[in-house]
Amino acid sequence: MKNFFIFQSITIRLQVFFRLAIISLSFLALSNAYAERQTLLRVGVFDNKPIVFKDANGAYQGLSLDVLESIAKEENWKIEYKHGPWKSVFAQLEAGKIDLLVGIAYKPERAKFLDYTSETLISNWGVVYKDPSAKVTSLQDLNGKRVAMMTQSIHSRVFKRMMKEFDFDFTEVSVPNYREALKSVDSKNADAAVINRVMSILNAADFHVIETGVIFNPVEVRYASQKGRHAHVLAAIDRHLSAQKKDPSSVYNMSLAKWLGSMKKHVFPVWIYAAGSILFLVLLVLSISNYIIRKKVLHRTAELSESESRFRQLAENINEVFWIGSPDWSEVFYVSPLYEKVWGNTRSSLYERPVSWFESVHPDDQEKLRNEIKIKSSGDLGQPQFSEYRLISKEGKIIWISARAYPIRDAKGKVSKIAGIAEDVTQRKKSEETIRFMAYHDSLTKLSNRNAFEYKLLAAIEHARTHAENHVLMYIDLDQFKVVNDTCGHSAGDEMLRNLANMLESMTDSDTTLARLGGDEFGMLIENTNLEYGIKKAHEYLDAIQLFRFIWEDRKFSVGASIGLVVIGDDYKAMSELLSAADMACYAAKEMGRNRVHVYSDDDADLLRRHGEMQWVSRLKSAIEEDRFVLYQQIIAPLQDRNNDYTHCEFLIRLLDEDGELIQPGHFLPAAERFDLMPALDRWVVKNVFEYLADLRKRDKGVGHSIAFINLSGHVLTDEGFIDFVLNEFDKSGLSPSSVCFEITETAAIGNLQKANDFILRLRKEGCYFALDDFGTGMSSFSYLKSLPVDFLKIDGSFIQGLLDDPMNTSIVDAIARVGHAANLKIIAEWVENEAVSEELQKIGIDFAQGYGIQKPQPVSLFDLSAQSRLGSGQ
């Protein structure tokens, strides 16, 4: 019995199990059947936040997807997303690789190959944002600018078409999406960006950009599919979207609040919205040309009009006060909220009393502004710009205003309203004032700068010439100022200059102009005075500077000054002469022991010479830095065997001045010698000759044993690094030392005989040749030839020049040739001017000749190629 009940229990449990299994299988089969009935939609998505985008976690979001997914749930659609750039997903839609594209703007030309939903997801339009420093308030201001825009965007295409229609040019900066367009402006890679309005509201605050007020191209964003493919899908979207728009708690309205906040969709008649967009466009581009705008208005008003609500929203977001009034300026129909911030008055008060805005205008500007308003209210609106004027705020602050007024015409071309823009340009005016001040003032001391001082000097020179009145110019150069900079640094030096400038300025009166000319140099112009008064004032300034004490970090400093004084009379014709005279007088004061005043005199001949050399110092330093030297060369031809190939060449240096004029060495070498600039010139010549010869050897190997002669100054004899420099240049160029002969003047060699001997022996050991230049003009003694291991003697040209007319010259040349040959030296005659002299030298036994009778010096680029081919081989 017990077994029976156990069997019965097992049987019941099996029955229950099989029944549950059958139910589960049936439910699974039903589920599969239901799933098989789902419609698969391949949906193209791209990044256009908040319409559609892919977030940081890889999820697809946005207004269009919230609505679509709610409809898919109701319609049993299965969605498969295809993400990519806009251009890519649009191409896939055209090719039928996706079924639906979300967030696409409706355009009639697209409707030829696409089907759209009848219902609009959201309305949008194009806007332009700019860099805050760029002046862009209309399309015309974008002419010549760099404009960032999303590739293949409708707004980009419309913008380009508009610019082309107005014949404006710009540089397109292509970006993949609207955020990148704003980023390009923020990073200074573009001056402006073309984006859509929704994107601007959600993203502009993330970048350092501002809105321009330029708007265009109102569009409707819808869903779209390939032509004739998915009419039932679009119809279902239209049905659900229409119902959701009417339900405040629907997915559509909740998504609007989520993504757009204050941009929540309001439904307005299309004609009102279109009219508002075009009216605002007209207001912004009217400045380009009344004729062009009239045509555009007639063309656009046939198909678009504007929503008053949308117009107000746009007008209130621009950075200028925007207003609309009657043609006679007696009524104000609208003014943007920014008016209350700029003018400090309420908008309602302006509507009640349209003239109240004028009461805040500065009294000094009212008359001119009133006259301009009369001209415009009379119908003369050809010039929109007003003169800039000032407002006085309730707090007494000055606000600068830049205003423009444009006519709004009806369909017949009659002015029906006046629209205006008023911009607060106070900050710009402050910047302009700063720029003007800095243009004529020294940034450190705030004294007049050199430019302003030179204007004053020009006026003083002209006044002295026309009115027979004298003025006094002082050039002040501080002594021992360098001590402050070197011991305490430039901050201390700057502070001392500021303090000293303040002291000097406190001593000047209305007839005196004080300026900082640069560094520690000051200029002072005393007008309508004489020499005696000028000297008196100069000593007063000198005494004040000597008594001046400067304390920095418990250290006390004093300075002195050297003052050069010049009387400006009717004898000075150019400012450069006057400044040069003052500079020379100041230099003389320094030469005479500093801390003194020196009055310039035309009799300062020695001063003129030294000042001329001083001027050459700065010119030579600039020429060295800017590499403005030129190599010339001159043939040294054989006389005893004119058929051989032993034609040598001397390299010479010339200077190109700041105006490109060629300067001969006699003008600048004395200053270079006096002020220790010859080492730099010696190195320049050696380096450039070696490079030239190395290049010549690469291009044409040449024949014979030709030598390049290079002049060296006496400074190289005491320049410990010069020999190493020469040897390094030989290594770099690959030249043989036997292809080079260095020339040293007789005077330099004999004046430092031991160093000259050591120098020559060191380089001769490497294979170089040496020539004793200008032989016969210095301390000539044939006995020195035993001590100097040279290879060539160059007879000074003064003996050669009078060779045919002076028997003494002939005897000297003959004696030099005999002694030189006895010492196994080759003799070179300089200044050979003609064939007769050349023949006489040949009879005497001179080996080589050099001079204009052989060849004039030529730039290396023009040198005879046959001679070039024999230089630089050293073989």
| field | Tabulated pairs, segment 535-550, first of a type outside the set (A, V, I, L, M, F, W, C), second part of a helix (DSSP H, G or I), C-beta under 9 angstrom, 6+ apart or interchain | value | Tyr541/Leu504
| query | Which one of the conditions (1) over 23 Å from Pro363 (Cβ atoms); (2) at pLDDT 85 or above; (3) assigned to a loop (DSSP other than H, G, I, E, B) does Ser443 fail to meet, given that it meets all the rest? | reply | (2)
| field | Within segment 728-753, tally of residues that are exposed (fewer than 15 other Cβ atoms within 10 Å of the Cβ), assigned to a helix (DSSP H, G or I) and at pLDDT 90 or above | value | 3
| field | Cross-chain or 6+ apart pairs with Cβ under 7 Å, segment 326-348 first and among the acidic types (Asp, Glu), then outside any helix (DSSP H, G or I) | value | Glu331/Gly325; Glu340/Thr346
| In segment 378-407, how many are surrounded by 17 or more Cβ atoms within 10 Å (Cβ to Cβ) and among the β-branched types (Val, Ile, Thr)? | 2
| query | Is it true that some residue in segment 81-100 is among the small types (Gly, Ala, Ser), assigned to a loop (DSSP other than H, G, I, E, B) and closer than 24 Å to Met199 by Cα? | reply | yes
| task | Name the residue, out of Gln92, Gln140, that is farther than 21 Å from Glu211 by Cα and either modelled with pLDDT under 85 or not assigned by TED's automatic domain parsing to the domain that holds Lys227 (or both). | result | Gln92
| note | Of the conditions (1) at pLDDT below 85; (2) buried (at least 21 other Cβ atoms within 10 Å of the Cβ); (3) within 24 Å of Val566 (Cα to Cα), the single one that Val484 does not satisfy is (3)
| Is it the case that Ser811 is in contact (Cβ under 8 Å) with a residue 24 or more places away in the chain and out of contact with any Asp or Glu (no Cβ under 6 Å at 6 or more places or on another chain)? | no
| request: Evaluate the following for Glu306: is it in contact with a Ser or Thr (Cβ under 6 Å, 6 or more places away or on another chain), buried (at least 18 other Cβ atoms within 10 Å of the Cβ), of a type in the set (Asp, Glu) and modelled with pLDDT under 85? | output: yes
| field | Contacts under 8 angstrom Cβ, first residue in segment 418-445 being in contact (Cβ under 8 Å) with a residue 12 or more places away in the chain, partner of a type in the set (Val, Ile, Thr) and assigned to a helix (DSSP H, G or I), 6 or more apart | value | Ala422/Val342; Asp424/Val342
| task | Examine segment 111-125 for a residue that is in a helix (DSSP H, G or I), under 30 Å from Val233 (Cβ atoms) and of a type outside the set (Asp, Glu), and state whether such a residue exists. | result | yes
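Yes or no, residue by residue, for (1) closer than 18 Å to Arg549 by Cβ; (2) assigned by TED's automatic domain parsing to the domain that holds Ser377; (3) over 32 Å from the mean Cα position of the chain (by Cα); (4) not in a strand (DSSP E or B):
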{"site": "Ala411", "(1), (2), (3), (4)": "no, yes, yes, yes"}
{"site": "Ser416", "(1), (2), (3), (4)": "no, yes, yes, no"}
{"site": "Thr434", "(1), (2), (3), (4)": "no, no, no, yes"}
{"site": "Glu454", "(1), (2), (3), (4)": "no, no, no, yes"}
{"site": "Ile461", "(1), (2), (3), (4)": "no, no, yes, yes"}
{"site": "Thr466", "(1), (2), (3), (4)": "no, no, yes, yes"}
{"site": "Val472", "(1), (2), (3), (4)": "no, no, yes, no"}
{"site": "Leu478", "(1), (2), (3), (4)": "yes, no, yes, no"}
{"site": "Asn502", "(1), (2), (3), (4)": "yes, no, yes, yes"}
| field | Residue count for segment 161-178, restricted to those that are in contact with a strand residue (DSSP E or B) (Cβ under 8 Å, 6 or more places away or on another chain) and at pLDDT below 90 | value | 4
| Ile816 passes all but one of (1) surrounded by 18 or more Cβ atoms within 10 Å (Cβ to Cβ); (2) farther than 20 Å from Ala748 by Cβ; which number fails? | (2)
| What number of residues within segment 380-403 are β-branched (Val, Ile, Thr) and touching a residue at least 40 places away in the same chain (Cβ under 8 Å)? | 2
| message | Could you check segment 57-75 and list, in sequence order, the residues that are in contact (Cβ under 8 Å) with a residue 40 or more places away in the chain and either in a strand (DSSP E or B) or among the polar types (S, T, N, Q) (or both)? | response | Ser64, Ser70
| Glu743 passes all but one of (1) free of Cβ contacts under 8 Å to residues at least 24 places away in the same chain; (2) touching a strand residue (DSSP E or B) at 6+ places or on another chain (Cβ under 9 Å); which number fails? | (1)
| query | Which numbered condition trips up Val415, out of (1) among the β-branched types (Val, Ile, Thr); (2) crowded, with 16+ Cβ neighbours inside 10 Å; (3) in contact with a Pro (Cβ under 7 Å, 6 or more places away or on another chain)? | reply | (2)
| Which residue out of Leu514, Leu578, Leu565, Leu525 is part of a helix (DSSP H, G or I), at negative phi and hydrophobic (A, V, I, L, M, F, W, C)? | Leu578
| From the set of residues in segment 189-237 that are acidic (Asp, Glu) and farther than 30 Å from Ser118 by Cβ, which is surrounded by the most Cβ atoms within 10 Å (Cβ to Cβ)? | Asp191
| said: Within segment 785-875, considering only helices (runs of 4 or more DSSP H) that don't extend past its boundaries, which have at least 2 residues that are modelled with pLDDT of 90 or more and touching a Leu at 6+ places or on another chain (Cβ under 7 Å)? | reply: 835-844
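The values are calculated or read from the model by the stated rules, or taken from the named source; none is laboratory data. Model, not experiment: these values are computed from the prediction. Cβ: placed from backbone, ideal geometry, glycine included. Neighbour counts: every protein chain shown.
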